[in-house]
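Worksheet for the structure shown next.
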Amino acid sequence: MKRVLSIFFLVLNLTVWFVQSPVEAYVGLCCAHCGGNMPMNIPGGGIPETHEFRVKVGQNYMRMGPFRSGTTDVSTTSLLGVPTQDGKFVVAPSEMRMWMTMASVAYSFTDRFALMAMTGYRYNEMDMEFNALANAATGSNGFTMKSDGMSDFKVMGKYRLFADDDLAPTNQLSAIVGLSFPTGEVDSRFRNNPIPGVNDTLQPFRMQQGSGTYDPILGLTFQTAKDPYWFGLNAIYTGRWMDNEQGYHQGQEAKVDAYAMYQFHPKALLEIQLNFHHEGQYSNEPDAQRFEGAGHVGFNPAAPFTSPLFNPDFYGGTKLNITGGFQYQPFDLQIVELLVSTPIVQNLHGPQLSEDWRIMFNYYVEIPTKKSRRYVGTKAPKELGF
Amino acid sequence: MKTPWVSRLSIIFIAIYIVLIPSFIWAQSEFSANLGIVEPRTIKQAPDFALQTLDGQTVKLSDFKGKPVLLNFWATWCEACKKEFPAMQRLYSHLKDDGFEIIAVSVDRRNRDRIEEFVKAYGIDFPILLDPQQKARRDYFIRGLPTSYLIDSAGDLRGFISGARAWDHIASRKALLNIFKNVRLSKVTNPAIK
């Protein structure tokens, strides 16, 4: 936890320090070609002004629990028992906590085209409870499973298909095409499991940091503005078209985010979002489970799972979150955002841990380059003799 | 307890940040004091327009012929625009008796009440014209706000200025005088006026 926060503050400081020198170039020019206000937590939602960088760092915290199957909550204790019985396991989690530090850089090459790159560092903790047998064997009620590491690296291009105005568009439609690179680990192993022989075996799916595959990203974003209100709809599909080095792939993923923002002050706004997320089940067990028996009783691949976390069918589902928060501009070219989100509907392939709530803090800074309008101003029109 | 290296680095960056902020603010104010006027290659007439004032009167640009005009495009959502208004008002207060005119065209599509509030709060007494249909804005090829044009007493375009400026700074007033060479703007050269 301390390590994650330290990394977040270091990245934040590096960002602020690095960008200060270009700020003196700011000529005091407003241009809203990018469409104005937009949420920072929706990938691809916002882009910088032309010939400007936008550097963003964010810190997320998410709590997951209790278990859920379909739309019904399931208690952890009801899942513990003799694993030969249907739906019973040696060990099951009661809660998961996830900290994620994210960093992204975007640059707009033209009024229509921007390129974005993003990655993150994740730290996961999952409180695990033992059945009576494991309790007796280890002398403890459970343990906290941990993993951490870099997540996948994504590159996305955003191309504006339509805008109704070249100064401050009130309606605009953009297409997103990108690729997620498998920089996140899919081979994270147990380090502190008190059950003999389990350490150094593969951790379950959700403790891994990435998908392990090159995943195409396709999306459409629509923004509309009626000052002081801003609205938008983002739809993003992440394809899982190939198997990773462990011989499986994550489920297909679709996200639709709708948002409304109200700018009540020149430097502050309130926002509300509805975030729809659908994810398919994992395609298969990892090779380490199928061939080495990780996650199975007695390390026998044919034996039942020791925990629901190892079953690839117990992942994915559909959920709808409601998110609310605010953005504030402490200085020119810099914005901070605080958001809190909780699901209002969750229909999960389970039993699996449901999402409880999450909190997100984001900071971004815009960095005009020497080619930016905000560095040199706009060009005087030759049509008027300049 | 040993401080982690990341925390130590963070403290160093915060310290540098605090030290550097004043110098950046200073650099920015100097930059905006320089008017950075782009002069025309070919002298052309300023496109005429007819727009409504806040009290519903229709005003044409050509009504101001015979006076040098600073034509400014702005919007209530543009913070940089609002920041330069007090300086513009001070400039106007000192030069209006010499026949100098400022016209500020708001390109807000709505929010008339917000414009009225702003004008009242800042004590603006030069004409504010409304361009909700964006016609004048398009005729003047506005691609960022604020943008200002300098128009001489014959109605010809003499300068283009992109971005906010410290209009009442002595350097700005000298730059204006240089553009409006043929106009008597005695107070422009008086550095005592601020």
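The values are calculated or read from the model by the stated rules, or taken from the named source; none is laboratory data. Computed from a predicted structure; not experimentally measured. Note that we place each Cβ from the backbone using ideal geometry, even for glycine, and neighbour counts take in every protein chain shown. What goes into the accessible areas is simple: the full protein's heavy atoms, side chains included, and nothing from ligands, DNA or RNA. Shrake-Rupley method; radii C 1.70, N 1.55, O 1.52, S 1.80 Å.
The figures follow:
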item: A/B buried area, accessible surface, summed, 1.4 Å probe, Å²; result: 4100
item: Paramagnetic reach from residue A:73 in segment A:322-353 [backbone N under 20 Å; point 7 Å along Cα→Cβ]; result: A:322-323, A:341-353
item: Chain A: angle of helix A:2-23 to the longest principal axis, Cα-based, in degrees nearest 10; result: 10
item: Fully extended contour minus Cα-Cα distance, from residue A:332 to residue A:161, at 0.36 nm per residue; result: 58.7 nm
item: Under-5 Å amide H pairs with residue B:129, H placed in peptide plane, nonlocal only; result: B:104, B:105, B:106
item: Within chain A, helix-based [θ] at 222 nm, where runs of 4 or more DSSP H residues each add -39,500 (n - 2.57), nearest 500; result: -2500 deg cm²/dmol
item: Peptide B:71-82, shielding by other chains (average Cβ, 10 Å cutoff); result: 4
item: Residues losing 30 Å² or more accessible surface upon assembly, segment A:338-386, compared with the chain by itself, 1.4 Å; result: A:378, A:380, A:381, A:383, A:384, A:385, A:386
item: Probe 1.4 Å, protein heavy atoms only - accessible area per residue of segment A:2-384 in square angstrom; result: 40
item: Separation in nanometres of the label points that stand 7 Å from Cα toward Cβ, at residue A:245 and residue B:112; result: 6.7
item: Calculated FRET efficiency for the pair residue B:42/residue A:183, C-beta based, R₀ 51 Å, to 0.05; result: 0.35
item: Diffusion constant of segment A:2-384 at 4 °C, which comes from Stokes-Einstein with the Kirkwood Cα-pair radius and 1.567 mPa s, µm²/s; result: 58
item: Charge-dipole axis of the protein assembly as shown as Lys and Arg at +1 and Asp and Glu at -1 on Cβ define it, positive-most pick from A:48, A:67, A:324; result: A:48
item: Convex hull (Cα only) mean projected area of segment A:170-230, reported in nm² to one decimal; result: 7.1
item: Förster radius 45 Å - calculated FRET efficiency between residue A:322 and residue A:291, Cβ distance, rounded to 0.05; result: 0.55
item: For segment A:110-251, convex hull volume per residue from C-alpha positions, Å³; result: 146
item: Spin-label pair residue B:58/residue A:175, simplified geometry with 7 Å Cα→Cβ offset, distance in nm; result: 4.5
item: Leading residue at positive end of dipole, segment A:2-384 (Cβ point charges), from A:139, A:174, A:110; result: A:110
item: Net charge dipole size for chain A [Lys, Arg +1 and Asp, Glu -1 on Cβ; Debye, nearest 20]; result: 760
item: Trypsin sites (Lys or Arg not before Pro) restricted to segment A:349-386 and DSSP loop, no more than 12 other C-beta within 10 Å; result: A:370, A:371
